[in-house]
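FYI, it's all coordinate maths here, none of it is from the lab. Note that this is a predicted model, so its numbers are computed, not measured. Using ideal geometry, Cβ is built from the backbone for each residue, glycine included, and neighbour counts are taken over all protein chains shown.
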Ligand code: PMV
């Protein structure tokens, strides 16, 4: 995989657009919670319909730092998380000006889709280019990871493998295959119209689950299995492994101290329906991140059949059908 070296920009304003991603192998538990160094590798696919666009400008005229997301100024704790990345960029680039960050998501904020992956990857690219820093793909992945672990994977095009590494310099994502390699689909089946519950709490208590050690022991085999299934386009193998992984993540959450229950009635209903429909030849596989909504992974040929079935279920509020897509990109469509 070639490194993406970004051209130096002479402007102090830059805009990036970045996708959310669905984890086939989940990041759960942090070895270092300041730097988001994980206990295990993870694997994901970018989602083309779940995008964040972020414009960053450094300007000597800005008296204070401003962060606006979907039209509103961010609350102090969330703003500090963004400014932590901005400060790292200032440190690396030597730019000491005030900053304005404006960001918007193209997916409903109440759809339970994690916006931290798309948000921090877009911030890492827009911020570094706005400060005239030239970062490689690996360096961008590291910077995005410090904002939110899963953001390290959104930097990469298509299908990504975040290797846990041993320290800040060695924990970053790299490509398994580009977005055009396999026409997989992810139908996000929204069964809960709520802000996504924070994954931070889950990471924090992951180690208290009695199954944590067993998971770590089994994970390497499953991770290599998922990567092999992507490379060989073995859909049935991929599906089997991602369902095991999703169930295991949620069992870990439910058996942590305190326990966390992300599923609702709709989640269980969709899981059961998917298994039943497979018996009659309509093949999809489920996975869930830290929320109730179900991501159904299927082949392109089955999207409309599955979608029309989902829409008939009373628990389903709406669905979003995604294809794999490129990672974080620059755009000249600035938000201000
Ligand atoms: O990047 P975070 O801290 O929001 O953690 C993401 C956790 C999961 O979505 C549950 C799994 C993953 O790897 O994306």
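Scoring 91-101, 72-82 by mean Cβ neighbours within 10 Å over their residues and listing the highest first yields 91-101, 72-82.
On a 0 to 90 degree scale, rounded to 10, what angle separates helix 137-147 from the longest Cα axis of the chain? So the helix axis and the longest Cα principal axis differ by about 80 degrees. State whether the range 13-179 is rounded, prolate or oblate according to the following rule on the C-alpha gyration tensor (a ≥ b ≥ c being the square roots of its eigenvalues): a/c under 1.5 gives rounded; otherwise a/b larger than b/c gives prolate, and the remaining case gives oblate. Prolate shape, in that a/c is at least 1.5 and a/b is the bigger ratio.
Each peptide among 292-299, 42-49, 18-25, 237-244 gets the average number of other Cβ atoms lying within 10 Å of its residues, and from highest to lowest they stand as 18-25, 42-49, 292-299, 237-244. Just round it to a whole percent: the fraction of Cα-Cα distances in the range 273-315 exceeding 13 Å. Looking at the range 273-315, the distances longer than 13 Å represent 56 percent of pairs. Whole-percent P(r), the range 184-322, all Cα pairs, 10 Å bins from 0: 12, 40, 35, 14, 0.
With the helix formula -39500 (n - 2.57) applied to DSSP H stretches of n ≥ 4, the chain reaches a computed 222 nm mean residue ellipticity of -11500 deg cm²/dmol. Considering Cα pairs under 8 angstrom that are at least six residues apart, work out the relative contact order of the chain and quote it in whole percent. Normalised by residue count, the contact order of the chain is 26 percent. Ordering 150-159, 252-261 by mean Cβ neighbour count within 10 Å, with the highest value first, yields 150-159, 252-261.
Most simply put, the chain has about 95% antiparallel DSSP beta bridges, counting only bridges with both residues inside it. The long axis of helix 212-232 is offset from the longest Cα principal axis of the chain by roughly 90 degrees. In percent, rounded to a whole number, the relative contact order of the range 184-322 is 44, using alpha-carbon pairs under 8 Å and six or more apart.
In percent, rounded to a whole number, the relative contact order of the range 13-179 is 29, using alpha-carbon pairs under 8 Å and six or more apart. On the principal axes of its alpha-carbon atoms, the chain has extents of 63, 40, 39 Å, going from largest to smallest.
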